[in-house]
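The values are calculated or read from the model by the stated rules, or taken from the named source; none is laboratory data. All of these numbers come straight from a predicted model, not from anything done at the bench. Note: ideal-geometry Cβ built from the backbone for every residue, glycine included; neighbour counts use all protein chains shown. Note: accessible area is taken over every heavy atom of the protein model, side chains too, but ligands, DNA and RNA are not part of it. Shrake-Rupley method; radii C 1.70, N 1.55, O 1.52, S 1.80 Å.
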Amino acid sequence: MSKILVVSDIHINDYAQRNPTNRFRLYQGSRTVAQNIIDVGRKEGCDIIVLAGDITEKSVIRPYIQAEIKVFLDTVMSAFSYGFLLLGNHDLDNKGVEQDISDACLGVMLPGNLYYAHQKVVDIDGSKFGFCNWMPEFDLSWIDGKVDILFTHARIC
């Protein structure tokens, strides 16, 4: 069976007020974290990754931060066969129930092997995997039947 690495809450941003040098935290939060993810994936033999939300710190971000997020996504995805992306509350500009990949700047920078998976059910090695973004109200009505594993970016109370 395929091994899947699940990562969330990276929150890539510049954090200028906390930088010891120019863009230090931005590069640490993207390049160093990307390499750490790759290292863990290789060590554990993972060929699939799920990026389960809050890749970005804010839904509307400056161009130089967008460029760094693109470097992060390309770097991480170069080490995996394919992956699935979910959007977290920090990624989404639209906080409503009707969500689309165009509600996040990430939508224009996805590598070819990273798939937006909101409210999708996918068969991997005979198991059903469900995927769901952060939603203002947790809802599983889109699932027909059962899934073996659900990946989401949710705060469940």
For the subset of the stretch 1-24 comprising residues that are surrounded by 18 or more Cβ atoms within 10 Å (Cβ to Cβ) and of a type outside the set (S, T, N, Q), which member is modelled with the lowest pLDDT?
D14
Quick one: what pairs do we get from the stretch 142-157, first residue over 14 Å from L86 (Cα atoms), second open to solvent by 60 Å² or more (accessible area, probe 1.4 Å) and modelled with pLDDT of 95 or more, C-beta under 7 Å, 6+ apart or different chains?
W142/Q119; I143/V121; V147/V121; V147/K128; D148/K128
Only one of D74, D125 is under 21 Å from I12 (Cα atoms), out of contact with any helix residue (DSSP H, G or I) (no Cβ under 8 Å at 6 or more places or on another chain) and at pLDDT 95 or above, namely D74
Residue check, I143 against (1) at pLDDT 95 or above; (2) closer than 16 Å to V6 by Cα, all met but one. Which one?
(2)
Enumeration of residues in the stretch 115-149 that are outside any loop (DSSP other than H, G, I, E, B) and open to solvent by less than 60 Å² (accessible area, probe 1.4 Å):
Y116, V122, I124, S127, F129, G130, F131, C132
Which of (1) open to solvent by 40 Å² or more (accessible area, probe 1.4 Å); (2) within 16 Å of I10 (Cβ to Cβ); (3) among the β-branched types (V, I, T) is the odd one out, the single condition V50 does not satisfy?
(1)
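Suppose we keep only residues that are assigned to a helix (DSSP H, G or I) and out of contact with any Leu (no Cβ under 7 Å at 6 or more places or on another chain) within the stretch 70-80. Which one would you say is nearest to I124 (Cα to Cα)?
Keep residues of the stretch 70-80 that are assigned to a helix (DSSP H, G or I), which gives 70-77.
Adding the requirement that they be out of contact with any Leu (no Cβ under 7 Å at 6 or more places or on another chain) leaves 70-72, 74-76.
Numbers: K70: 27, V71: 27, F72: 25, D74: 23, T75: 24, V76: 20 Å.
The selected residue is V76.
Given the condition part of a strand (DSSP E or B), open to solvent by 30 Å² or more (accessible area, probe 1.4 Å) and touching a strand residue (DSSP E or B) at 6+ places or on another chain (Cβ under 7 Å), answer yes or no: does some residue in the stretch 81-99 qualify?
Taking the stretch 81-99 and keeping what is part of a strand (DSSP E or B), we get 82-86.
When the remaining residues are screened for being open to solvent by 30 Å² or more (accessible area, probe 1.4 Å), the result is 82.
Applying the additional criterion that residues be touching a strand residue (DSSP E or B) at 6+ places or on another chain (Cβ under 7 Å) yields 82.
Yes, the stretch 81-99 has at least one match.
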So, in the stretch 25-51, how many residues would count as being modelled with pLDDT under 85 and either in contact with a Leu (Cβ under 7 Å, 6 or more places away or on another chain) or under 20 Å from L86 (Cβ atoms) (or both)?
2
Just the residues that are farther than 27 Å from K95 by Cα, in contact with a helix residue (DSSP H, G or I) (Cβ under 8 Å, 6 or more places away or on another chain) and not in a loop (DSSP other than H, G, I, E, B), please, taken from the stretch 35-63.
Q35, I37, I38
Which of the residues that make up the stretch 1-22 are over 18 Å from L73 (Cβ atoms) and not in a helix (DSSP H, G or I)?
M1, S2, K3, Y15, N19, P20, T21, N22
